[in-house]
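To start, the structure under review is shown below, and the notes come after it.
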Amino acid sequence: MRIKKVVDLSLVVNATTQTYPGDPQPRFEVHSTIERDGFNLLSVSMGSQTGTHVDAPYHFDESAPKIDELPLDRFVGRAVIVNARDLGPRGRITWEHVTPVADKLEPGVIVLLHTGWSAHYGTDLYFDNPFLDADACRRMIALGVRTFGIDAINIDETPDADHPEEGFPVHHIIADVTGVIAENLTNLAAIDFDDALVSLLPIAFEAADGAPVRAVALQLEV
């Protein structure tokens, strides 16, 4: 077996990384330099869900597993890509979007919701993201799916003054089955091959609600 292609699905994290409203803004400070100390070392401060990241069930359920308590197989699996690029601002990803790939849904796969919304990253429009319909989520879970990713800031609708929140139903539905959510993915269009192996392995933050990841899709030749 060899790796034919590696696709980076991750946002670069820096001091200007766009974060969910109210989340900590990342800070990067030089701690040590070669000139002064003989080596370079960076001091980094950021929220647990900065940039491309995964949510643990604990994010919305105090009694649910934290990021370091989840089995690692939750974060690695064959990709099933749901094409939802037809949606505009705050469009709802319904079962109709899932139907073309429903026969591929089974335990162990990772569903990637391809909205194309990462093109709006860094703008105010990024917060008007398409989002997953709760019923469509339940139907995918019934088929065994436990890991979901989206190329947007939120798998649920992002509330603002004109759009009161629905209570983050998809986050709760996935948490209830000890599932995992990846958000702020990017570059999903570059997965132009079948049976991509996706890795969403997070930093092993102790007792955390989530953690950043370097998300990648691998094309394997067996």
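The values are calculated or read from the model by the stated rules, or taken from the named source; none is laboratory data. For clarity, every value in this text was computed on a predicted model and none was experimentally measured. Here the Cβ positions follow ideal geometry from the backbone for every residue, glycine too, while neighbour counts run over all protein chains shown. Protein only, heavy atoms only, side chains kept; ligands, DNA and RNA dropped before computing areas. Shrake-Rupley method; radii C 1.70, N 1.55, O 1.52, S 1.80 Å.
So here's what we get for this one:
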item	result
Flag for residue 14 being in contact with a strand residue (DSSP E or B) (Cβ under 8 Å, 6 or more places away or on another chain), without any contact (Cβ under 8 Å) to a residue 12 or more places away in the chain, at negative phi and open to solvent by 50 Å² or more (accessible area, probe 1.4 Å)	no
Lone unmet requirement of (1) in a loop (DSSP other than H, G, I, E, B); (2) open to solvent by less than 30 Å² (accessible area, probe 1.4 Å) for residue 182	(1)
Only listed residue being on the phi > 0 side of the Ramachandran plot and of a type in the set (D, E, K, R), chosen from 195, 128, 151, 135	195
Some residue of the range 199-217 being within 18 Å of residue 72 (Cβ to Cβ), out of contact with any strand residue (DSSP E or B) (no Cβ under 8 Å at 6 or more places or on another chain) and surrounded by 15 or more Cβ atoms within 10 Å (Cβ to Cβ)	yes
Residue count for the range 34-79, restricted to those that are β-branched (Val, Ile, Thr), open to solvent by less than 40 Å² (accessible area, probe 1.4 Å) and either out of contact with any helix residue (DSSP H, G or I) (no Cβ under 8 Å at 6 or more places or on another chain) or under 25 Å from residue 121 (Cα atoms) (or both)	3
Residue 206 being at pLDDT below 95 and either touching a helix residue (DSSP H, G or I) at 6+ places or on another chain (Cβ under 6 Å) or more than 24 Å from residue 122 (Cβ to Cβ) (or both)	no
